[in-house]
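Structure, as structure tokens:
The values are calculated or read from the model by the stated rules, or taken from the named source; none is laboratory data. Just so you know, these numbers come straight off a predicted model, no measurement behind them. Neighbour counts are summed over all protein chains in view; Cβ atoms, including those assigned to glycine, are modelled from backbone coordinates with ideal geometry. Areas reflect the complete protein model, heavy atoms only, side chains present, ligands, DNA and RNA absent. Shrake-Rupley method; radii C 1.70, N 1.55, O 1.52, S 1.80 Å.
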Amino acid sequence: MIRGPRALPPLLLLSVLLLAGCGTERAGGSPDPSASPADPGELAARARALGIAPELVYVTESPGFTVAQQSVGASGEDGFSAVYWSQRTGTRIQLRIDRGTWTADTCVKQPVGDSSAGEPTRCTRDGDAWYRSAGRERGYAEPRKGYVILVSGAGVPRATLHKALLAVHHPSAAELAALLPPAPTAAGTEPVERGDLPPNGDGAPDNSVPSRGL
């Protein structure tokens, strides 16, 4: 069974997309072969800090779309999810990586992107992937060994979604730096020592009633 992403509230997602529009849009296409790959240890630390399995962290590229960094998070138990947004058209592409198996039966039982549960899912085989539709949502699902890559969007042309699927790859060092926040350091997890508390007791006020003297 493929579990859905830990979704952002609609108003928060809207603010995320507006913030993403302030950045520079990236050109799409195949990943740059000259880009240095992300350091495995750094990738693992950043991913696990968000509850994501490092091997499930992927990125994609599509002309006119830029990743909304605040949308990046876990999907299901330890999967990955990110939203790419086009400032020009206002449309978005969602990338999800979830564990699980994928068959013809699985395809029609899973929703496409943000489609509602009442909208039937239609699936058509397209090479190694499945082209999917439900309501206004369109997308692709490409099974891998033990997990599946899901690309979807409403109002996004099929050709654009297919190119985004083909461009899915593990992040380079530069992409990782822009994608996942730094992992917290060991110092950041230690309790902060308060300097305004007395050496004895907890500093709580003394509310006792003094006894009357004779």
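Of all the residues in segment 63-80, those that are in a strand (DSSP E or B), surrounded by fewer than 23 Cβ atoms within 10 Å (Cβ to Cβ) and not aliphatic (A, V, I, L, M) number 2.
Just give me the residues in segment 82-108 being open to solvent by 10 Å² or more (accessible area, probe 1.4 Å), more than 19 Å from K163 (Cβ to Cβ) and assigned to a strand (DSSP E or B), in sequence order. R99, the sole residue that qualifies.
Considering (1) farther than 26 Å from A45 by Cβ; (2) open to solvent by 100 Å² or more (accessible area, probe 1.4 Å); (3) at pLDDT below 90, the lone condition that L166 does not fulfil carries the number (3). Residues in segment 46-99 that are under 20 Å from P143 (Cβ atoms) and among the charged types (D, E, K, R): 6 in all.
Does V148 satisfy being within 29 Å of A38 (Cβ to Cβ), open to solvent by less than 20 Å² (accessible area, probe 1.4 Å) and assigned to a loop (DSSP other than H, G, I, E, B)? For V148, the condition - within 29 Å of A38 (Cβ to Cβ), open to solvent by less than 20 Å² (accessible area, probe 1.4 Å) and assigned to a loop (DSSP other than H, G, I, E, B) - is not met. Count of segment 120-132 residues, restricted to those that are open to solvent by 20 Å² or more (accessible area, probe 1.4 Å) and either under 20 Å from T91 (Cα atoms) or outside any loop (DSSP other than H, G, I, E, B) (or both), is 7. The set of residues in segment 47-62 being among the aliphatic types (A, V, I, L, M), in contact with a helix residue (DSSP H, G or I) (Cβ under 6 Å, 6 or more places away or on another chain) and part of a loop (DSSP other than H, G, I, E, B) consists of V57 alone.
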